[in-house]
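The values are calculated or read from the model by the stated rules, or taken from the named source; none is laboratory data. Quick caveat: nothing in here was measured; it's all calculated off a predicted structure. We place every Cβ from the backbone using ideal geometry, glycine too, and count neighbours over all the protein chains shown. Heavy atoms of the whole protein, side chains included, go into the accessibility calculation; ligands, DNA and RNA do not. Shrake-Rupley method; radii C 1.70, N 1.55, O 1.52, S 1.80 Å.
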Amino acid sequence: MASGSRSWGALLLLPLVLPAAYRAGGGCGGDGGPLEPFDGLYASGVEAYYGGDFAGAARCLERALRSRRELRDARLRCRRRCRGQVRLVAPDGGAGGDLLFFGSVLRRADCLRNCEEPRLGAVSRHRAAEEVRADFQRRVPYSYLQRAYIQLNKLEEAANAAHTFFMANPEHMEIQQDIENYKTTAGKVSLVDWEAKQHMEDYSAGVRHYDKEEYELAIDFLERALKGYYSEDEDCQIMCEGPQRFEEHEYLEYKAGLYEAIADHYMQVLACKHDCVRELATRSGRISPIENFLPLHYDYLQFAYYRVGDYVKALECAKSYLLFHPDDEDVLENAGYYEGLLEGTMDPDTIKPRKEAKMLLQRHKLESHLLQVAAAGLGYTYTEPNYWNRYGTRQDEHSVPSSISSEPEDGPRLSLAKKPMPKPERELKEGGPLLYSDVKFVYNSQQLNGTQRVLLDNVISEEQCRELHRVATGIMLAGDGYRGKTSPHTPNERFEGATVLKALKYGYEGRVPLKSARLFYDISEKARRIVESYFMLNSTLYFSYTHLVCRTALSGQQERRNDLSHPIHADNCLLDPEANECWKEPPAYTFRDYSALLYMNADFEGGEFIFTEMDAKTVTASIKPKCGRMISFSSGGENPHGVKAVTKGQRCAVALWFTLDPLYRELERIQADEVIAMLDQEHLGPSEMNINPKDEL
C-alpha cells in the first residue's frame, strides 16, 4: 500500500455522522417498551467512547448491535406470519374485479403493522441514515468496541471484536496488528467472528475437509451449507419486501398513476430479490461475490459422494450442477460415469436433480424475464449480471485411479482436473532480455515457487546505492505516502519516504546535489525497462507509483516482536486469507499490473522480503535484501507478499508499481518527466549512470 490508501485507523478520530436527534445522546435508553433504534444506541456508544466512559460505550455499542439483529428478526418473523395468515387472492373476472386482490393486500398490510408495532414502535423510528447503515455494513461499531474492551481489560472480548471487524476489512493493517498483540498478551485466543454467515462458515469448512480428502466430513459441512443457503435465501427474499428508495423522485411529490406506482416499487423489490444469489455469495465487507458459489456446492458434493461410494447421491448432485451449467463437459462426463456404475442396479433416469435447486433456478429465470420486460417497456435501466460464472471452480486435481475403477484402463474415467481459469488479458511470459550487461539473473518464477516472479542482482552499483542513500537522508519525510503516519504498518518501526518529483525539486533548489536527485529518476526508469523486457510485455509499462522508502527499527521496542514490518498483502487486490481469495475491488489499486523493489543496503537485521500462499501464512520464498538486488513480480493475488520485522538498523529500497493502462500513469512521474526535459534544455545533464540499454543479450 502507498499514497492514497484508505486510513481506517482514522475511523476512531472522525466525528460520526448521525441524525441530529441522537447527537445530543445521553445514555442507552431503557429496556422497557419498543425496541430502541440501533442508530441512537450507536450514537450514544460513540459519544460515551469519546467522553472516556468505556463501560458505557461498550454497553451502548453491544445494545446497538443487538438492536439491529432484533430489528431484522422481528421483521422476518412478522412477514412470515402474515404470509401464512393472509394469502394474496388472484383477481377474477367477477363483479368484484380487482377488489378481492387489493383487499388481501390491505389485510396483509394491516397484519404486518399489528405484528410489528408492539415490538418495534412506529416504522419511522428505525429508518437509519445511509452513513450509519454503511458503518454497520462495514462493521465499524466493532472497531470502537474493541478499543473500549481494551480499556476495560477484557482482552478476549477485544480480540473477538477486532477479529469480527477484520473479517470485513482484511486490508486494515492496524487491526491485524492488534489481533497479533492479543495473541501475545492473552495467550491462546480462539477468535470468533460474531457476525459470521453460518452458511459461508459451513461451506469453507466443507472445502477444507474436501482438500484434506476427508470426504465424509466434507459432505456433512457442504450439505449443512446448502441447507443454510436456502434458508438464508428465503430470508433475503422476505427482507426485500421492506421499504425501497425511489431514486428518481421524491415520494411525497410522486404523481404516477396506480399501476405505474406499483410497478415502480415492485421492480425495485424484484431487483433486490433477484440479487439475493449475489448477496448470499458475498463475504462481509466485500463487493465481489464468490464466483459460481451455489453450483460449486454440488460440484464438490458430486465427487465427495463418489469417493464414499454413494453413486446415487453423486449422480443427483452432478445433475443438480448441470441445471446451472448444462454444457459443462467435465460434469457431463462424470454424470455419464456415475450412470454406468449404477446400471444393472437401478434406472439412472429415475435420479433427478434436487428439487430446491430446480425451483430456485426457475424462479431466478422468471425474475430475470420480468426485469428485462420492465426495462424494455417501462423505461427501467437493467443489465443482467452473470450470476453463475463458471470460472469459479473446485481447486483440486483429483481423478479416479484405475485401481478403484472396474473399467479397463482406457474405459470411462472421471475428468476432475482443475477447470481452466479465465484467460488473462495478456499472455503471461517471462525470460526476456535483461537489457543491461551488468545486471545478473538470479532466480525465475519456478525457482521462487510462484508465478511471474524474478530476482536480479547488480541492477545498480555499490556507489550508486551509497549516493541514493545520501539523497534519501536529505529528502525523506516521516510518514510520506501514509498521510503523515510515522508508523503505518507497525508501532515498532519508523517509516520514511519520498517521491521522484520531490527529489528533483530538492535538486533543482540546491538542497541536495542535482545529479544525485536525478539518479533516483534514472534508476527507476532502468528498473521499468528491465521489468517490461523480462516479462516480455507487448505494450508499454507505465509508472503507477514510485517511492523511495526506509524502515528504521525503534530502539527499546524490539524484544519479543512477532509482527511484520509490512503485513502480507497483494498490490492490486484485497487479500482475504480466510477465504483464500483476493478481491480486485476498491480500495485496492486494481490498475496495478507489476511491482518491483530495488534494495539499497544490507546493513540491518531482519527485513527479509517474503512471498506466501494466499493463506498469508505459508512462506513460499524469502529474499534477503542487499545493494543492487531487485525483486519483481505481477501485482495480483498470485503473489501475496510482506516484509519481516526490521529489528536493528535501517532498511532502504526504491518501491515501484507499474500499470499497463495509460489512464493510471503516475501524475508525479509525468511532472518529473517535464522537469527532466527542462533540465536537459538548460544543459544540466543526466546523472553519471548509463540508462541506455545495451543490445539484447
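Computed about its Cα centre, the charge dipole of region 293-345 is approximately 260 debye, with only Lys, Arg, Asp and Glu carrying charge at their Cβ.
Local charge sum around Gln151 (other residues, Cβ-Cβ under 14 Å, Lys/Arg +1, Asp/Glu -1)? With Lys, Arg at +1 and Asp, Glu at -1, the net is 0.
For the pair Arg77 and Arg363, label points projected 7 Å from Cα toward Cβ lie 2.3 nm apart. When the P(r) of region 81-158 is calculated, the portion above 15 Å amounts to 73% of the C-alpha pairs. For region 572-653, the fraction of alpha-carbon pairs lying more than 22 Å apart is 31 percent, rounded to a whole number. Look at where the Cα atoms of region 73-88 and of region 199-231 average out, and the two centres are 31 Å apart. Computed over protein heavy atoms with a 1.4 angstrom probe, the accessible surface ordering of Asp438, Asp275, largest first, is Asp438, Asp275. Summarising the label geometry, the points placed 7 Å from Cα in the beta-carbon direction at Tyr259 and Gln372 lie 2.3 nm from one another.
Stretched out straight at 0.36 nm per residue, the stretch from Glu234 to Leu667 would grow longer than its current Cα-Cα span by 151.0 nm.
Stokes-Einstein diffusion for region 512-599 at 10 °C, viscosity 1.306 mPa s, with a Kirkwood radius from C-alpha pairs, works out to 97 µm²/s. The slack between Lys355 and Trp194, meaning 0.36 nm per residue of separation minus the straight C-alpha distance, is 54.7 nm. Along its principal axes, region 38-186 has C-alpha extents of 76, 29, 24 angstrom, given from the largest down.
In this structure, the pairs whose alpha-carbon distance is over 20 Å, taken from Lys273/Lys584; Lys526/Lys644; Lys319/Lys355, are Lys273/Lys584; Lys526/Lys644.
For region 263-395, the alpha carbon convex hull comes to 126 Å³ per residue, rounded to a whole number. Annotation for region 293-346: GluC sites (Glu not before Pro) lying in DSSP loop with at most 15 further Cβ atoms inside 10 Å of their Cβ are Glu343.
Between Glu180 and Val312, residue separation times 0.36 nm minus the direct Cα-Cα distance comes to 42.8 nm. A Stokes-Einstein calculation at 10 °C with viscosity 1.306 mPa s, built on the Kirkwood radius of region 109-234 over Cα pairs, returns a diffusion coefficient of 91 µm²/s.
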